[in-house]
Amino acid sequence: MKIAHSFVVHSVLALSVFALAPSLACKSSGSETAGGSGGSSQTGGHAIELGGTGGAGGVTVSGGSITSSGGASATGGSQSRAGGAGGSIGVGGSSANGGSSASVDAPQNDKQIVAMVQSTKEHATDLTASDVASLVADAVTKAGGLGFIKDGQTVVLKPNLVTAYTDIMATTPAPQTVNGIATDWRVVKAVADLVRAANPKGKILVMEGSVNSTPQAFTLLGYTQANFGSAVDEFVAIEGTSCTDTTTGALEQRKSLSGAKYWVNSRYANADVVISLPTMKTHLVAGITGGVKNLGIGTTPVGQFPSGTNTPSDCTRGQTSTAIDHSSPETLGQFIRDYYSIRPADFVVMDALQGLEHGPAPAWDSSGSYDYESSKKNMRLILAGRNAVAVDTIEALVMKCDPKKVPHLTKLEADGLGTTDTSKITVVGKQVSDVATPFACAQTTICPGT
């Protein structure tokens, strides 16, 4: 078995977090519900090197030569505040029925709506494509629907395909569906079908930046034209032609809320609509992944954020302050907030069918205590909403994490781009108290696992 040199480097860098900060050690809970206990600690998050080889065939993937196409630029200021006062979380029912009740252009005193639906089947692995499509349609409708999408628009669907493997050495491919690591392609297909129904003449792009070769991740995880048909026009690798592509022909510079300028993929930045499709899981440094982090890290062009040891299959976006600083929740949270503010999500549909603790990818901590199988949580959920901060807040509470200790969420809340205040969020469908179960993570103060 051959392991890329950069994998070793990044493993050492990631594991050094434990040596330098003992307080980040994961602790397991004995009170898990269906889906297992224990689990795997993550060594470096979305920016971890997981080995692997170059792209495999089976799908046409657009690379670094793509230029900007259409659409209206959206910057941080266009998103609404999640205002309002009073009320309590979990006021479900019919409040989210209809098309515009959760609009990002809603008045400041409107509550954010987060829909949460759960399958009645016993195991996530029992779910068929039809089951998944029904769950997605139900959640999207409860969250206000996709009536804001107009025919002829360019819509970007951004899944989280952090890796296609169940082990840190990238030797064992993950199941294509309900693996808890990457967004189930059936969830994305269900959303694509809903978007296509509203937008028959428009462009629908699936865009991703995996930590390995994105074309390879697309193929291994079922993101192929055969599975998606006419629902998707292109599958676009954000890293360009390879993970060492430093060209800027497909990019443009945009200013963040902090005033810093970053290179951003033009097709992503100029899309009329961006839908974030994350998975429910914890994260070694950031605390949680979700709709925000899926864009705040996963859309960065890796050639502009090199790891220092980049290879054609190393898209890790760095582990140091010279690239994207993963040294603490605060430093990583600042970057996520800044980059996300350039092009916030217009809608979020979260794959919480499986759920994964010790995420965001199956790995071990320095003791080698955790494994993939025991990290899965069997949640059988789909979450949806117009505001990513609100959706991620409910995700955090479901995992018994503290959203007010997740820096990228609280920073965006201070910017007026969402809320972690549960009195300003209406949960429709399943309530947090119905489904909450502890997910362990490295930050005991964010996700204690109890």
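The values are calculated or read from the model by the stated rules, or taken from the named source; none is laboratory data. Given the structure is predicted, the values throughout are model-derived calculations rather than measurements. Note that we place each Cβ from the backbone using ideal geometry, even for glycine, and neighbour counts take in every protein chain shown. Each accessible area value is taken on the protein alone, full model and side chains, heavy atoms only, with ligands, DNA and RNA left out. Shrake-Rupley method; radii C 1.70, N 1.55, O 1.52, S 1.80 Å.
Solvent-accessible area per residue for the stretch 161-203 at a 1.4 Å probe radius, Å²?
Per residue, the stretch 161-203 has an accessible area of 32 Å².
I want the local charge near Tyr262. Using Cβ-Cβ distances under 13 Å, sum +1 for each Lys or Arg and -1 for each Asp or Glu among the other residues.
My count for the surroundings of Tyr262 gives +4.
Semi-axes, largest first, in whole Å: what does sqrt of 5 times each Cα gyration tensor eigenvalue give for the stretch 109-238?
25, 20, 14
Can you work out the FRET efficiency for the pair Ala414 and Thr247, with r the C-beta to C-beta distance and R0 = 41 Å, to the nearest 0.05?
Result of the calculation: an efficiency of 0.70.
What does the stretch 165-248 give for Rg and for Dmax, in Å, if only its C-alpha atoms count?
Taking only Cα atoms of the stretch 165-248, I get Rg and Dmax of 13.9, 42 Å.
Which distance in nm do the two modelled labels at Lys201 and Asp126 give, with both placed 7 Å along the Cα-to-Cβ direction?
4.5 nm
Could you tell me what fraction of 2.2 N^0.38 Å the Cα radius of gyration of the stretch 336-450 comes to, as a two-decimal ratio?
Here the Cα radius of gyration is 1.09 times the empirical estimate.
Just tell me which lysines come within less than 24 Å, Cα to Cα, of Lys400; anything on the same chain fewer than 8 places away is out.
The qualifying lysines are Lys27, Lys111, Lys121, Lys142, Lys281, Lys293, Lys376, Lys377, Lys411, Lys424, Lys430.
Rounding to the nearest 20 debye, state how big the charge dipole of the stretch 106-214 is about its Cα centre with +1 on each Lys and Arg Cβ and -1 on each Asp and Glu Cβ.
For the stretch 106-214, the charge dipole is close to 440 debye.
Looking at the P(r) of the stretch 169-214, how many percent of alpha-carbon pairs lie beyond 15 Å?
Considering the stretch 169-214, 57 percent of its Cα-Cα pairs are separated by more than 15 Å.
When the chain is fully extended, how far beyond the present Cα-Cα distance does Gln334 get from Gln431, taking 0.36 nm per residue of separation?
So the chain would gain 31.9 nm between Gln334 and Gln431.
Taking the alpha-carbon set of the stretch 264-349, what are its Rg and Dmax in Å?
Rg, Dmax (Cα atoms, Å): 12.9, 35.
With no solvent and one point per C-alpha, what does the Debye sum give as log10 I(q)/I(0) for the stretch 383-450 at q = 0.14, 0.19, 0.20, 0.27 Å⁻¹?
-0.39, -0.71, -0.79, -1.23
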